[in-house]
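A quick write-up on the structure given underneath.
What follows draws every value from the coordinates through simple rules; no lab data is involved. Everything numeric here is computed off the predicted structure, so don't read it as measured data. Here the Cβ is made from the backbone with ideal geometry for all residues, glycine too, and neighbour counts use every protein chain on show.
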Amino acid sequence: MRLEQAILKNLIHNEDYLRKVLPFLKAEYFTDLTERTLFNEITSFTTTYNNTPLPEAIAIAVKERRNLTDDEVQKCEDYIKEIEDSPTEKTEIQWLVDKSEKFCQEKAIYNAVLGSISILDGKDKTHDKGAIPKILSDALAVSFDNSVGHDYLEDSDERYEFYHRKEERIPFDLDYFNKITKGGLPAKTLNIALAGTGVGKSLFMCHVASSCLVQGKNVLYITMEMAEEKIAERIDANLLNVTLDDLLDLPKDLYDKKVSRVREKCTGKLIIKEYPTASASTIHFRTLLNELNLKRSFTPDIIFVDYLNICCSGRIKAGSSINSYTYVKAIAEELRGLAVEYNVPVVSATQTTRSGYTSSDPGLEDTSESFGLPATADLMFALISSEELEELGQIMVKQLKNRYNDPTYYKRFTVGIDRAKMRLYDIEQSAQNGIIDAGHQDKPLNTFGAKEKKFEGFKV
């Protein structure tokens with residue numbers, strides 16, 4: 001029995017299979033006219049009567065169709081008789097569901113490719129070439145999702161297990177970042193640093209990427225602002241403990257020796273990939289991930305995108321008459337979708353508005369171009385600098401949004417910064433006095449306002 005026959009037979013005779021599979025099947029997946037006709041009638045019957053269709057009812061519905069010839073009607077009747085007369089075998093439902101899912105995926109991709117060719121040839125007048133990426137992306141995303149939600153009373157055991165399940169996270173090497181995230185970044189999340197030009201967005205991401213590599217994690221760093229070599233240079237400064245200036249004068253033998261030491265203690269890999277500014281979207285990132293998996297057996301544990309605002313959207317055509325709110329929000333949603341699809345945390349950054357650049361107390365409203373970005377992010381924080389903080393070798397962090405913890409818990413804190421070596425580091429607790437706002441205390445330490453006069457001229 002062909003798979004299409006097995007699908008149609010079980011749609012008629014197996015209610016459990018029908019409920020699981022019918023929402024994802026489409027008539028266009030059946031290339032044979034007879035099978036497509038029968039599928040349409042099965043769908044119509046189920047939608048109308050909320051039950052498995054009777055073979056007799058399907059046969060009558062086919063006869064009543066005015067768009068079929070007598071020969072086509074006869075073929076449908078013969079097909080029904082054939083699947084009814086075929087031996088009823090006990091089929092493993094989950095196996096058939098899995099085969100049906102693969103069937104849908106293959107048909108969707110095949111139809112998408114044919115549709116794209118039709119657009120390129122000019123035969124499809126309803127779509128332009130800009131629609132092709134979305135058509136292909138939608139086809140690749142086809143999958144069965146049978147979850148219909150959490151039953152509060154019936155699923156209490158699963159909920160209890162969730163509360164007590166230790167979620168795997170990628171920890172920071174910075175104490176307060178671990179405190180506000182309850183131990184690090186979980187998978188399937190989007191994490192955003194907000195800062196102005198030159199404050200430290202790329203430095204932060206390069207430092208965290210270096211830290212993850214030392215932990216033995218596989219790291220993918222996508223850059224659209226700087227060249228691959230410049231990012232690698234910054235990571236060299238961090239891991240080799242050498243200033244950017246001294247790197248230029250470092251003898252080759254000493255450089256090789258330092259790199260060898262790093263290689264010995266790093267069990268993971270770091271891949272840096274450059275794309276031209278505003279030319280790449282999650283469609284390109286998916287292609288890259290597939291190629292890395294095939295060519296280098298590389299699967300990332302964490303992905304860095306430097307940075308979000310200079311990505312492009314895979315859903316919205318560049319240059320479309322659409323506002324920045326919608327466009328940037330779309331990019332954020334696509335990046336978070338990538339995080340969910342590949343089960344990794346994604347770390348990125350965004351610019352501040354001009355008013356936010358000099359603000360000593362930035363908020364979500366200071367996000368450049370789109371307030372839709374913080375609506376999508378799981379963790380968002382501002383990096384704040386000033387002349388006095390620079391003199392102290394520090395940078396301030398302010399939480400803006402936090403889905404992992406109470407955002408008032410250590411709402412503001414400082415970390416040490418060494419720009420020459422592209423490093424962040426923990427500072428002594430005494431340096432945090434008067435800055436940290438520990439929201440878990442009965443009387444919050446809201447002393448940041450008193451410090452505003454001291455730290456004048458902030459840059460975010």
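Given the pairs Lys134/Lys179; Lys257/Lys398; Lys179/Lys217; Lys179/Lys201; Lys217/Lys421, which are separated by over 28 angstrom at their Cα positions? From Lys134/Lys179; Lys257/Lys398; Lys179/Lys217; Lys179/Lys201; Lys217/Lys421, over 28 Å: Lys134/Lys179; Lys257/Lys398.
Rounded, prolate or oblate for the range 1-47? Axes are the square roots of the Cα gyration tensor eigenvalues, ordered a ≥ b ≥ c, and the cut-off for rounded is a/c under 1.5. Don't jump to the answer; show the numbers that get you there.
Numbers: a/c = 1.63, a/b = 1.23, b/c = 1.33.
The shape class here is oblate.
Extension gain, Arg403 to Asn67: 0.36 nm times the residue separation minus the Cα-Cα distance gives 115.4 nm. With kT/(6 pi eta Rh) evaluated at 10 °C and eta = 1.306 mPa s, and Rh the Kirkwood radius from Cα pairs, the range 111-162 diffuses with a coefficient of 112 µm²/s according to Stokes-Einstein. The Cβ shell under 14 Å around Gly122 holds other residues with a net charge of 0, Lys and Arg each +1, Asp and Glu each -1.
Peptides 238-249, 121-132, 11-22, 192-203, ordered by how many other C-beta atoms sit within 10 Å of their residues on average, highest first, read 192-203, 11-22, 238-249, 121-132. With a cut-off of 18 Å on the backbone N, the residues of the range 405-426 near the modelled label site 7 Å out from Leu248 along Cα-Cβ are 419-422. Using amide H atoms built 1.01 Å from N in the peptide plane, name the residues 5+ places from Arg169, or on other chains, whose amide H lies under 5 Å from its own. Hits under the 5 Å cutoff: none.
Please determine, in degrees from 0 to 90 and to the nearest 10, the orientation of helix 70-85 with respect to the longest principal axis defined by the Cα atoms of the chain, where the helix direction is its Cα long axis. Once rounded, the angle reads 80 degrees. In this structure, the pairs whose alpha-carbon distance is over 30 Å, taken from Lys252/Lys273; Lys129/Lys269; Lys102/Lys295, are Lys129/Lys269. Here the chain is treated as a Stokes sphere of Kirkwood radius computed over C-alpha pairs; at 4 °C and 1.567 mPa s its diffusion coefficient rounds to 50 µm²/s. Note on Lys20: aspartates and glutamates with a C-alpha under 15 Å away, same-chain residues under 8 apart excluded, are Glu92, Asp98, Glu101, Asp145. The three principal axes of the Cα atoms in the range 61-200 give end-to-end lengths of 76, 49, 23 Å, sorted in falling order.
Relative contact order, percent, of the range 147-237 when contacts are C-alpha pairs under 8 Å separated by at least 6 residues?
On the way: 44 pairs, mean separation 18.1, N = 91.
The normalised contact order for the range 147-237 reaches 20 percent.
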